[in-house]
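Take a look at the structure set out below.
Where a number appears in this text, it was derived from the coordinates with a stated rule and is not lab data. Predicted model, so just to flag it, every value in this text is computed and none were measured.
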Amino acid sequence: MIVGKDIYVDDGIVEKLELFYELHKNATLNLTNIKDRDEFYCKHYLDSVYLFHLAEIAKSVRYFKASDKLADVGSGGGFPGIVIAICYPEMKVTLIESTRKKCDFLKDAVSKLDLKNVTVINDRVENLEGFKFNYVTARGVAKVDKVLKQTANVLGKKFKIILYKGEMLEEELKDASGTINHRGLDIEITRIEEIFKRSYCIISGDINK
């Protein structure tokens, strides 16, 4: 089955994606205004993993290894965190969500989808102690500078923060330039205009530099 443009997934993944769509469609808590199946698959599923698909085609970077740990900050309805966990079952994914009702939905979805590689935490990321991740994702959560400051305590020695952004990315990066320069972070931007409009911003760091 094709989840989006040129992205093929096996039957096991297809079943989980379809079930997750049904859970959203029937949820009493309105986590998305998108109910149409095709639009849901494009704007939620494809958007969640398209960046990694592009990287795999280019073979310039590998996503992901079995030892990788990813935190999805402000996971909300599970985008991109649950979609990544379904499509990349080798990943260890932690969903961090501060709103109790959203967190309850995520826990129920993880249970019904039988996602053994997912942990759900009901808290704010800046409050966490004893966690280290080499990948952090954030989709529509906060501006760049705020995400950088809030996630500083959970970043591993080498890390990538993957931000799903819109039209204001350039302005947000200017506002965050002090934090970026002070910490010696590297920025890579991939802009998508076809299928949907999205700016993926990858912020990489290495404390050994």
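Please compare each pair in LYS16/LYS116; LYS116/LYS149; LYS35/LYS112 to a cut-off of 24 Å on the Cα-Cα distance and tell me which ones are over it.
Exceeds cut-off: LYS116/LYS149.
Between 0 and 90 degrees, rounded to the nearest ten: what's the tilt of helix 11-25 against the longest Cα principal axis of the chain?
Tilt of helix 11-25: around 90 degrees.
Taking the 0 to 90 degree range and rounding to the nearest ten, how far is the long axis of helix 47-58 tilted relative to the main principal axis of the chain, both from C-alpha atoms?
So the inclination is approximately 70 degrees.
Once both axes come from the Cα atoms, what is the angle between helix 100-113 and the longest principal axis of the chain, in degrees from 0 to 90, rounded to 10?
Compared with the principal axis, the helix lies near 60 degrees.
With P(r) over Cα pairs in 10 Å bins from 0, in percent in mind, check (1) 7, 28, 34, 20, 8, 2, 0; (2) 7, 17, 16, 15, 13, 11, 9, 6, 4, 2, 1, 0; (3) 8, 36, 39, 16, 1 and report the label derived from this structure.
So the calculated entry is the one marked (3).
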